[in-house]
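Chemist: If you scroll down you'll find the structure; I have some questions about it.
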Amino acid sequence: MGLLECASGASVWRGYDYYKKKKIVRLEEIGTNAFSAKVSGNSSEPYSVELHIDHPRKSKCNCPHANGKRIICKHIVATYFTVLPDEAEKFYTEATAYQEEEEKRQEEFSDKVCHYVWHMKKSELQEALLQLLFEGPDWQFDRFVRQNGLEDDW
Ligand SMILES: [Zn+2]
């Protein structure tokens, strides 16, 4: 498994942010595809990161989130992206493409629902509306009653 797959989505995004903001203050090669780095974080002292690209789970960071826990934190991800900037751009391109795809899917789905409603018969609409009013949340019912001036009638 690649390093990014071992990290949570949030850690990858924050790591990308750290990489972009150049939070890696020192980077040193310590072996084949292995690096040590200092990454400035929330505390005054930078965190010490050890990155093992070929064995992601061996990577370490002494921040409170990852210390002694074999977790791939944002500092490790930031170091990874600093060593492999192409991976960073690949991540960003894929992530934004996915988001756009997702938004497009949502839009198409909304369109589909609208289209369906526009073509419903009056009796079907009435039935659907009553169902929404009586089976939906109370605020929905109350709002309908208020908006249509029905308070006095019941
Ligand atoms: Zn960390």
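Chemist: Tell me which residues, restricted to region 4-30, are part of a helix (DSSP H, G or I), hydrophobic (A, V, I, L, M, F, W, C) and out of contact with any Lys or Arg (no Cβ under 9 Å at 6 or more places or on another chain).
Modeler: Scanning region 4-30 gives a single hit, Leu4.
Chemist: Return yes or no: is Ile72 under 21 Å from the mean Cα position of the chain (by Cα), among the aliphatic types (A, V, I, L, M), surrounded by 13 or more Cβ atoms within 10 Å (Cβ to Cβ) and within 8 Å of the ligand (Cβ to nearest atom)?
Modeler: So Ile72 does not fit the description; no.
Chemist: Right, next: Considering only region 29-38, I want to know if a residue exists there that is modelled with pLDDT of 95 or more, touching a Pro at 6+ places or on another chain (Cβ under 6 Å) and within 16 Å of the ligand (Cβ to nearest atom).
Modeler: Within region 29-38, one or more residues are modelled with pLDDT of 95 or more, touching a Pro at 6+ places or on another chain (Cβ under 6 Å) and within 16 Å of the ligand (Cβ to nearest atom).
Chemist: Please list, ordered by first then second residue, the pairs with beta carbon atoms under 9 Å, 6 or more apart or interchain, first in region 17-41 and on the phi > 0 side of the Ramachandran plot, second more than 15 Å from the ligand (Cβ to nearest atom) and outside any strand (DSSP E or B).
Modeler: Asn33/Ile53; Asn33/Asp54; Asn33/His55; Asn33/Val83
Chemist: What is the one condition in (1) under 30 Å from Tyr19 (Cβ atoms); (2) not in a helix (DSSP H, G or I) that Arg57 does not satisfy?
Modeler: Failing condition for Arg57: (2).
The values are calculated or read from the model by the stated rules, or taken from the named source; none is laboratory data. If you're wondering where the values come from, they're calculated on a predicted model, not measured in any experiment. Backbone-built Cβ (ideal geometry, glycine too); neighbour counts: all protein chains shown.
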